[in-house]
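In what follows, a structure is listed as structure tokens, so that the remarks can point back to it.
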Amino acid sequence: MAPTRRDVLLASASVVGSALIPFGVAQASNNVFEAIDVFTGGASRLEGGLLIDAPEIFDNGGAVPIRVVAEGARRIALFNDGNPNPGVAVFSFGRFVRPEATIRIRLARSQTVYAVAEMADGTFREASQKIAVTVGGCA
């Protein structure tokens, strides 16, 4: 089976230091909260300590820029609630790497993007942002 355009975009994100969500996790469910629970192992998530820097309104859903920052994070995962597979990417950080990542994602329509950070102490932080897309990025 030939890779889809989404597969190619996700693979290119791994080149900049991210690790893609394992195939089974991304396909776990079309429900974003179930996918988040798979990432966190069902652990509770706290608000704060995680920043999503993304536009509230973006004209082209084909390449929406998103930046996430969480001081003290080991991993940060991105999810969305409007695409068929809610998992977008997981970024892993070493001890000497600032826990910050930037990516452009494809959004089919206006939706909410969720970021979940696994902190060094084993807790999880969560943030979300609604993004209004004027022209969908998926055909």
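The values are calculated or read from the model by the stated rules, or taken from the named source; none is laboratory data. Remember, predicted model here, so these are calculated numbers, not experimental data. Please note: Cβ atoms are built from the backbone with ideal geometry, for glycine as well, and neighbour counts cover all protein chains shown. SASA here: full protein model, heavy atoms, side chains in, ligands and nucleic acids out. Shrake-Rupley method; radii C 1.70, N 1.55, O 1.52, S 1.80 Å.
Data table
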| item | result |
| --- | --- |
| Protection proxy ranking, peptides 120-132, 80-92, average beta carbon neighbours within 10 Å, highest first | 80-92, 120-132 |
| Estimated FRET transfer efficiency (Arg104, Ser44; beta-carbon r; R0 35 Å; 0.05) | 0.70 |
| Within-15-Å neighbourhood charge of Ala101 [Cβ basis; K, R +1; D, E -1] | +2 |
| Share of carbon and sulfur in the accessible heavy-atom surface of region 31-108 [1.4 Å probe, %] | 52 |
| Estimated FRET transfer efficiency (Thr123, Ile57; beta-carbon r; R0 22 Å; 0.05) | 0.10 |
